[in-house]
Amino acid sequence: MTIKVAVNGALGRMGQTVVRAVHAEPALQLVAAVDLNGDHSDIGTTAGIGPVRIPVTTDLADTLRQTKPDVVVDFTSPFTVMQNIATALSLQVRPVVGTTGITEADIEKIREWSAQYQTPAVIAPNFAIGAVLMMQFAAQAAKFLPEAEIIELHHERKIDAPSGTAIKTAEMMLKARGQALPRPVEEMEKIAGARGGSLDGIHIHSVRLPGLVAHQEVIFGGLGQTLTIRHDSFDRTSFIPGVLLSIKEVMQREGVIYGLENILNL
Ligand code: NAD
């Protein structure tokens with residue numbers, strides 16, 4: 001069975017990458033492209049694969065009603081992603097969401113909607129398999145080297161900070177180490193924010209620069225040693241295998257799957 005896919009945020013950097021990947025995958029059929037800046041131009045032409053006779057529309061609900069996709073992939077904006085998910089679930093279209101900025105409280109809300117409309121969803125702060133492994137290894141290391149800080153580095157156009165991946169990594173590390181660690185000294189920040197943000201004591205530093213895509217390192221400190229676990233996405237294609245796998249899996253699953261690790265069964 002061919003899975004019908006709509007892409008929301010289709011004119012964006014990730015959206016266009018997903019459009020090309022869905023078009024190239026025989027098991028999937030691109031049926032709709034939506035973007036806030038849609039002008040009804042052909043998404044295939046914009047994405048560089050030649051005309052596919054799919055216009056970029058602006059009204060998500062209207063487009064989903066008309067094209068009836070099985071799945072909508074969302075790479076839009078942290079400001080509107082919850083509304084997009086609500087729209088998709090209410091129309092019983094399965095959302096596969098890469099847009100970041102979704103909190104634990106938001107996930108609970110999505111679980112309620114998913115149950116209400118009996119429609120599954122995948123929410124993944126990071127679709128790169130290497131990044132998911134990095135998070136798992138960091139959680140493992142936190143049991144033995146509990147003192148750690150996270151540095152995440154992204155391109156200069158990223159809106160939210162810290163990244164969804166950094167928050168999720170810190171949450172996994174906190175769960176794994178299971179204890180609060182008081183700082184050994186009283187600190188004095190001479191420039192506000194110099195020590196980064198703190199998620200229950202794990203400091204997170206966000207770097208935004210042109211030339212970067214998505215990178216993160218977790219530095220653990222112990223007696224006379226450090227351990228650095230680092231992942232680099234050099235290109236947006238690094239997210240595609242995870243997105244395609246999620247599109248196929250959301251057709252088989254129930255409820256809300258939060259994190260690619262729960263699809264990979266790590
Ligand atoms: P981008 O700015 O290049 O693209 C976003 C697109 O969404 C734009 O074309 C914009 O017009 C459109 N848009 C914004 N609000 C919209 C709405 N309400 N409805 C329809 N379209 C809307 O950004 P990007 O680099 O493609 O990233 C998009 C999101 O994906 C960000 O939150 C980013 O952090 C996240 N991201 C996640 C992963 C992952 O693996 N989960 C990977 C890369 C990026």
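Please give the contour-minus-distance gain from residue 133 to residue 203: 0.36 nm per residue of separation, less the Cα-Cα distance, rounded to one decimal in nm. Working shown, then result.
Details: separation 70, 0.36 × 70 = 25.20 nm, distance 2.05 nm.
Gain in length upon complete extension: 23.1 nm.
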### Query
Any idea how far the Cα center of region 77-103 sits from the one of region 190-207, in Å?
29
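Please report the projected area of the chain's Cα convex hull averaged over all directions, in nm².
On the way: hull surface 60.5 nm².
It is 15.1 nm².
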### Task
Give me the percent of DSSP beta bridges within the chain that run antiparallel, rounded to the nearest 5.
45
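Which peptide among 18-24, 2-8, 65-71 comes first, and what is the full order, when sorted by highest mean count of other Cβ atoms within 10 Å?
Details: 18-24: 22.1, 2-8: 23.9, 65-71: 17.1.
Descending mean neighbour count gives 2-8, 18-24, 65-71.
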### Task
Give the percent of DSSP beta bridges with both residues in region 129-233 that are antiparallel, rounded to the nearest 5.
75
### With Cα atoms, 0 to 90° folded angle of helix 164-177 axis to the chain main axis
50
### Task
Starting from the Cα of residue 24, step 7 Å toward the Cβ, then list every residue of region 41-56 with an amide N under 14 Å from that point.
47-50
### Mean ellipticity per residue at 222 nm, deg cm²/dmol - from DSSP H runs of n ≥ 4 across the chain, formula -39500 (n - 2.57)
-10000 deg cm²/dmol
### Task
Using 0.36 nm per residue of separation minus the Cα-Cα distance, give me the extension gain between residue 66 and residue 219 in nm, one decimal.
50.2 nm
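Apply 1/(1 + (r/R0)^6) to the Cβ-Cβ distance of residue 228 and residue 194, taking R0 = 25 Å, and write down the FRET efficiency to the nearest 0.05. Don't jump to the answer; show the numbers that get you there.
Working: r = 21 Å, r/R0 = 0.83.
After rounding, the FRET efficiency stands at 0.75.
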### Summary
With every protein chain kept in place and a 1.4 Å probe, region 1-64 has an accessible area per residue in Å² of 45
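Tell me, what is the percent relative contact order of the chain, built from C-alpha pairs under 8 Å that lie six or more residues apart? Before the final figure, lay out each step's value.
On the way: 531 pairs, mean separation 51.3, N = 266.
About 19 percent, as a whole number.
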### Query
Which whole-Hz ³J(HN,Hα) couplings does region 41-53 yield from phi under the Karplus relation 6.51 cos²θ - 1.76 cosθ + 1.60, θ = phi - 60°, glycine and proline marked x?
6, 6, 5, x, 5, 4, 7, x, 10, x, x, 10, 6
### Query
What list of ³J(HN,Hα) values in whole Hz, one per residue of region 20-31 in order, does the Karplus curve 6.51 cos²θ - 1.76 cosθ + 1.60 (θ = phi - 60°) give from phi, with Gly and Pro shown as x?
4, 5, 5, 4, 7, 9, x, 6, 10, 10, 6, 10
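How would you order 86-92, 48-54 from highest to lowest mean count of nearby Cβ atoms within 10 Å? Walk me through the numbers on the way to the answer.
Details: 86-92: 18.6, 48-54: 12.3.
Packing proxy ranking, top to bottom: 86-92, 48-54.
Considering only lysines 8 or more places apart in sequence, or on different chains, count the pairs in the chain whose C-alpha atoms sit under 18 Å apart. Could you put the intermediate results ahead of the total?
On the way: 4/68; 4/248; 68/248; 109/168; 143/168; 143/175; 158/168.
Summing the qualifying lysine pairs gives 7.
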### Query
What does the convex hull of the Cα atoms of region 124-266 come to per residue, in Å³, rounded to a whole number?
131
### Query
For the modelled label position 7 Å from the Cα of residue 160 along Cα-to-Cβ, which residues of region 75-98 have backbone nitrogen atoms closer than 13 Å?
75-85, 97-98
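The values are calculated or read from the model by the stated rules, or taken from the named source; none is laboratory data. Worth saying up front: this structure is predicted, and the values here are computed from it rather than measured. No Cβ is skipped: glycine too gets one built from the backbone with ideal geometry, and neighbour counts run over all protein chains shown. Remember, those area values only see protein heavy atoms, side chains included, never the ligands or the DNA or RNA. Shrake-Rupley method; radii C 1.70, N 1.55, O 1.52, S 1.80 Å.
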